[in-house]
1. Would you mind checking the pairs A:K93/B:K56; A:K80/B:K45; A:K93/B:K38 and listing those with alpha carbons more than 26 angstrom apart?
2. Please state the shape class of the range B:47-198: rounded when a/c is under 1.5, otherwise prolate if a/b exceeds b/c and oblate if not, all from the C-alpha gyration tensor.
3. Grab the other residues whose beta carbon is less than 9 angstrom from that of B:A78, score K and R as +1, D and E as -1, and report the net.
4. Roughly how big is the range B:80-164's charge dipole about its Cα centre, with Cβ charges of +1 (Lys, Arg) and -1 (Asp, Glu), in debye to the nearest 20?
5. Check which residues have an amide H placed less than 5 Å from B:F203's amide H, if you skip close sequence neighbours.
6. Can you compute the FRET efficiency between B:A185 and B:L157 using 1/(1 + (r/R0)^6), with r the Cβ-Cβ distance and R0 = 56 Å? Round to the nearest 0.05.
7. Just tell me how shielded B:21-33 is by partners: mean number of partner chain Cβ atoms within 10 Å of each residue's Cβ, no decimals.
8. Which residues, if any, in the range A:63-92 have at least 30 Å² less accessible area in the whole protein complex than in the isolated chain, probe 1.4 Å?
Amino acid sequence: MAHSTPPETSEVFENLRLELRRGCLILAVLAALRTEQYGYTLRKVLAEHGMEIDEGTLYPLLRRLENQGLLRSQWREEDKRNKRFYRLSGEGKQILKQLLAEWQGIDSSLAEILKEPSHGTS
Amino acid sequence: MELLDRYLNAIKFWLPRRQQDDIVAELSEDIRSEIDEKEAMLGRKLDDAEIATILKQHGRPLLVANRYLPQQHLIGPALFPVYRFVLAVVVLCSLVPGLLVRISLMIFDPSYRSTHAVWVDLARGGQSFWGATLFAIGAVTAVFAVLERVEARTRFLENWDPRKLPPVRDPNRIPRFNSIVELGANLIFLVWWVSGTWSQTIFNRAGVRIVLTPVWRGFFWAFFVIALGNIVLAAANLLYRQWTWPRALLRLALDGAGAAAFCWLLKASLLAEISAPQLSWAQAAEVTNAINNYMGRMFPFALSACLIIVVLSDVPRLLRLGAGRGRLIQGVAIIIVLAQIVIGGSQASLAGAAMVDKNSATTFGLEVPGRRT
């Protein structure tokens with residue numbers, strides 16, 4: 001028998017998925033910018049690793065992270081075109097380290113919760 | 001690349017002036033890189049249609065620019081539920097009375113009906129109640145927009161004390177104070193009613209005399225019975241302080257009957273005669289007719305007000321008590337029967353009143369208003 005997901009369920013899933021990804025994207029961007037990149041290549045790197053992000057989300061996010069002091073940017077000419085290159089700042093490296101620790105904590109907590117038999121079910 | 005320049009220019013329009021060039025340069029570079037890559041893959045230049053497809057994937061200029069702007073709102077999520085509630089109340093209060101009055105005029109006033117078309121009248125009413133409603137919406141929105149700004153600065157919503165929250169009240173519990181006030185007010189009314197209003201000559205002092213038509217007796221008994229009913233109900237509520245559906249139904253019936261009697265009173269051309277020392281017969285008749293006419297004109301307004309009061313105060317109580325649809329229908333049926341009794345009692349003597357009106361009018365050589373054929 002074929003099962004199809006009701007449209008409202010898939011919409012709920014999509015919203016929750018986006019919410020879950022939102023925090024992870026910041027982590028992914030910070031991690032990817034341990035190596036200097038400009039916007040377009042950063043997008044491609046993220047997409048190649050399964051973290052697709054549209055430029056309407058990426059550029060405002062880069063701007064915000066830069067304002068928070070986590071990134072440094074520089075306009076440079078490459079292939080006869082001006083490009084803005086980003087890289088992680090010293091503070092950004094510290095924050096990335098802390099965030100990764102937090103992420104690993106969440107991951108192991110979730111693994112523990114999933115390992116335990118569900119409560120209150122017969 | 002003309003399309004790309006137009007696209008970037010459209011985005012630039014919505015961006016903050018200081019960041020415009022920086023953001024547009026970065027976006028331009030991103031899109032050009034994408035175009036270059038596609039051209040390299042195809043081994044040829046992209047045509048306008050292909051560039052348009054890429055731009056469309058990037059999104060409408062306003063939406064793209066919007067992502068760079070700080071999040072702004074006229075009324076934020078914290079105040080929005082309060083705003084919506086206040087707006088609903090204000091819109092109801094400004095729209096419903098106006099609509100009810102117009103509907104009542106359409107139903108009960110033949111002269112109004114003959115000169116106004118329903119939809120045209122409702123649409124043209126825009127200058128009055130639609131306009132008033134729009135103004136109310138604007139005013140409420142402006143007040144909340146100011147509150148939002150004040151909240152952002154002072155954070156007054158965070159300053160609260162759990163001890164100041166209102167106590168949980170059982171809506172079906174009848175406050176003793178209310179029952180005492182109702183009982184007292186109805187007793188005073190009944191004493192005044194019996195002692196001072198039985199006679200058709202309702203005022204006779206210093207040469208000023210006001211006489212009512214015989215139909216008054218019907219209203220006398222109607223209000224007498226309603227006041228008695230109110231006294232019995234208030235006494236019962238004082239003893240048993242929890243609403244039950246039979247008593248809630250009786251409350252609805254009494255309120256409905258009171259409203260029906262009052263509205264009918266306005267239409268009944270109650271005044272038979274007014275006389276005063278310095279008033280000629282013709283002038284007195286004119287005043288009498290004017291007052292009767294004015295009271296008649298008040299009928300649709302009174303009906304609307306009574307309907308609102310009865311519906312807002314009695315129906316929610318019945319619904320809360322879980323009376324169900326059947327009992328609500330019973331309640332409405334009781335109101336209709338009571339209203340018919342009240343109105344019927346009044347109508348029985350209306351013919352007499354009409355005769356009195358007509359005789360007076362003939363005496364004064366005047367036409368009786370509202371009795372034209």
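The values are calculated or read from the model by the stated rules, or taken from the named source; none is laboratory data. Because the structure is a prediction, the values reported are computed rather than measured. Quick reminder, even Gly has a Cβ in these numbers, built from the backbone with ideal geometry, and neighbours come from all protein chains shown. When the accessible area is computed, the model is the full protein with side chains, heavy atoms only, and any ligands, DNA or RNA have been set aside. Shrake-Rupley method; radii C 1.70, N 1.55, O 1.52, S 1.80 Å.
1. Result: A:K93/B:K56; A:K93/B:K38 exceed 26 Å.
2. Note, shape of the range B:47-198 comes out oblate.
3. Summing Lys/Arg as +1 and Asp/Glu as -1 gives -2.
4. Computed charge dipole of the range B:80-164: roughly 120 debye.
5. B:I210
6. FRET efficiency, B:A185 to B:L157: 0.85.
7. Other-chain Cβ atoms within 10 Å of each residue's Cβ, averaged: 5.
8. SASA drop of 30 Å² or more in the range A:63-92: A:R63, A:W75, A:R81.
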